[in-house]
There are 2 protein chains.
Amino acid sequence: MARMSDIIEDFIKQLINETDGSIEIQRNELASYFKCVPSQINYVIDTRFTTERGYYVESRRGGGGYIKIQRVNVDRPGKYLMHIVSSMGDSISQQSAEVFINNFVDYDVISEREGLLMKAATSDKVLGGIGAPDRDIIRASILKNMLAALMV
Amino acid sequence: MARMSDIIEDFIKQLINETDGSIEIQRNELASYFKCVPSQINYVIDTRFTTERGYYVESRRGGGGYIKIQRVNVDRPGKYLMHIVSSMGDSISQQSAEVFINNFVDYDVISEREGLLMKAATSDKVLGGIGAPDRDIIRASILKNMLAALMV
DNA sequence: GATTTTGACTATCTTTGACTTTCATATATA
DNA sequence: TATATATGAAAGTCAAAGATAGTCAAAATC
């Protein structure tokens, strides 16, 4: 069965597309629309609408509260890439790597084929054999080196 | 009696044929359909649906998890790559990897940028930290997986 | 001896709900 | 009137429970 979280994610993304990059929702309203607990909305936002994925979220509690989600505009892809690389840290999970790579493709910093290459090189499928702490370190190293190679 | 693994392999291959080269299965579902333990599905995938044999596999755990199996394209350049992949062995030095990659670029199987990416991902600069026998094994694995990704 | 089968244990992702925090407004009090 | 307090209406947090898939090695089979 399809994941509820994915369905909610798609719904929100469509709303954002329809409204020029920024929406305001009520958590409880959305939750009751999807017949889920309100905290699942938080889960979706925390895992899918992160800074890494290019979103900016703010909210307010209390009466008349809301959650506002905005898609971040990237007008200088090269600069964006630089910033990402330097903020990336020395260790990175497969999931995060994938998110980064998808972003690069979305913003036309790399081609789709290049994205596939990067994902293939950083997947747990190939790095899984490496022990737990080292794996993510080597993954970060691979990713950074590939990006650096493109920036030359 | 025929081997269970072979039966499962044939079943999956038929599914792939019926669906244009790409399927998504649930491990537990398939296991209960064949009345085997779930890990046998992993065994079948690990031994039969490898990059050497021309498949690209990805998966996701947790609720709504899945295993996705794609058959790679074996048309023209793909066929050449496929041949390379299956002849490459399980271990490869940085030097050999570079020779392979340069060849791909020379024969226009990949672009120059893609070549740079591949070299970056398989260089000793990033893999040097891994101990001697494992390093070349992981390098081969990365290279094969990248090539397979391009053939999907 | 190599391959296959099995199962216990692990890792990862999602769903759920009880409890907490914050804010706006209404009401009480100095 | 101005300020303090109570009330209710949101959203946030966090951990437990549930749902998958992965790993690894022992046992079985060929």
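Brief remarks follow.
- With respect to the conditions (1) of a type in the set (Lys, Arg); (2) surrounded by fewer than 16 Cβ atoms within 10 Å (Cβ to Cβ); (3) away from DNA strand C (no atom under 13 Å from the Cβ), A:Arg60 lacks only one, and its number is (3).
- Of all the listed residues (A:Asp124, A:Asp136), the sole one being farther than 14 Å from A:Ile84 by Cα and more than 10 Å from chain B (Cβ to nearest Cβ) is A:Asp136.
- Picking from residues in region B:75-106 that are open to solvent by 80 Å² or more (accessible area, probe 1.4 Å) and within 30 Å of B:Ile41 (Cα to Cα), the one that is modelled with the lowest pLDDT is B:Asp75.
- Qualifying residue in region B:116-139 (condition: within 20 Å of the chain's Cα centre (by Cα), of a type in the set (A, V, I, L, M), assigned to a helix (DSSP H, G or I) and farther than 14 Å from A:Met146 by Cβ): yes
- Failed item in (1) loosely packed, with under 15 Cβ neighbours inside 10 Å; (2) more than 17 Å from the chain's Cα centre (by Cα); (3) within 14 Å of another protein chain (Cβ to nearest Cβ); (4) near DNA strand C (Cβ under 9 Å from one of its atoms), with A:Val37 passing the rest: (3)
- Condition met for A:Val109 (at pLDDT below 90 and open to solvent by less than 60 Å² (accessible area, probe 1.4 Å)): yes
- Residue check, B:Arg71 more than 16 Å from DNA strand C (Cβ to nearest atom), crowded, with 16+ Cβ neighbours inside 10 Å and charged (D, E, K, R): yes
- Checking each residue in region B:11-27 for being within 16 Å of DNA strand C (Cβ to nearest atom) and open to solvent by 50 Å² or more (accessible area, probe 1.4 Å) picks out B:Phe11, B:Lys13, B:Glu24, B:Gln26, B:Arg27.
The values are calculated or read from the model by the stated rules, or taken from the named source; none is laboratory data. Being a predicted model, the structure only gives us computed values, none of them experimental. FYI the Cβ positions are ideal-geometry reconstructions off the backbone, even for glycines, and counts take in every protein chain you see. When the accessible area is computed, the model is the full protein with side chains, heavy atoms only, and any ligands, DNA or RNA have been set aside. Shrake-Rupley method; radii C 1.70, N 1.55, O 1.52, S 1.80 Å.
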